[in-house]
Structure formats: structure tokens, C-alpha cells
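I have placed the structure first, in the form of C-alpha cells, so that the comments after it can refer back to it.
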Amino acid sequence: ETRWSGWRLKNYFSAGAMIWILSGIGIVLLPSRMHNFMYVLSITIGAANALMTVTSISMEGVLVGEDLNGCAFVYGSLSFIDKVSCGIALYILESYQGSTKISENQELAYGYSVTRLGLGLVPAVFSLLSAIVAHTMDLPEARRRPLVEPLLA
């Protein structure tokens, strides 16, 4: 069992954010002839997503603490905001998908499609922003009680 302190949560979250930033830069700069390298990038993106998601849920748990009165509302509202924001981002990406022609807009977009920028640049920027926000959070230290106690004591 690992003691999860606020410092450790912030560092793991920032490590996931840095992996996402490097993967996003790889997506944006990856030449078309090296399209098979995208499979390697997708593995690193999956690891970064897992690391950031698990540690962010742990941060939510630390912020909620032992107060069970409003914790369902906190977890539910954060999950709802996550789903809605992902849906809006997907809608925006899909609305621009058919209208982008790389050959016509080459002098403006440098040959980058909306999908490439939306899957590489936007998540990398928001990962950097989330790592900055995570390091400014004031998380309390880990509790010293063992986990074998009943939850609703």
C-alpha cells in the first residue's frame, strides 16, 4: 500500500501531463510517411490518460475528504462536466472534419488537418494548463489511519 500525499498526487499527475505533451508534439510533427509510429504514440497517450485520470480522481477524493454528505454531488457533477466538455470538443472536431482540404489550405495551415491539431495540439496545451493548476492546488496530507476501518463508522 502506498501513502498518497498531495505532493505525490501532483507529481504523478504532472508526469502524465508531460507524457501527453510529448505525445501531442509527436502527433503534430509526425510526417505522413511515418504513420505506423502512431501506434506507439497511441500507447503513450493511453498511459498518460490513465495516469492523469486516476490521479485526478484521487485528487477529488482528497478534496472531498471524509465528508460523505456532498461527495456524490461532487463526483457526479465533475463526471458530468467531463462528459459534456468531451462531447462539445468532439462535436467541434467533427464539424470541421469534412471542410478541411489540405491541398487548398496549404499556405495557411501548413498541411496540418483539423484532426491532427485537435488530437495533438489541443490536448497538449490543456495538459500543460492542468499540470500548472494541479501544482497550485493546496492538497492536505494523507490520512494516517489504516484502510481496514469501515467507511461509514
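The values are calculated or read from the model by the stated rules, or taken from the named source; none is laboratory data. None of these values were measured; they are calculated from a predicted model. FYI the Cβ positions are ideal-geometry reconstructions off the backbone, even for glycines, and counts take in every protein chain you see. Side chains included, ligands, DNA and RNA excluded: accessible areas come from the protein's heavy atoms. Shrake-Rupley method; radii C 1.70, N 1.55, O 1.52, S 1.80 Å.
Here are the numbers for the structure shown:
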| item | result |
| --- | --- |
| Label-point separation, residue 38 to residue 53 (7 Å along Cα→Cβ), nm | 2.1 nm |
| Solvent-accessible surface (1.4 angstrom probe) belonging to residue 67, in square angstrom, nearest 10 | 90 Å² |
| Given charges at Cβ of Lys, Arg, Asp, Glu: region 1-92 dipole, positive-most of 88, 47, 58 | 47 |
| Neighbour cut-off at most 11 other Cβ (10 Å), DSSP loop, trypsin sites (Lys or Arg not before Pro), region 1-38 | 3 |
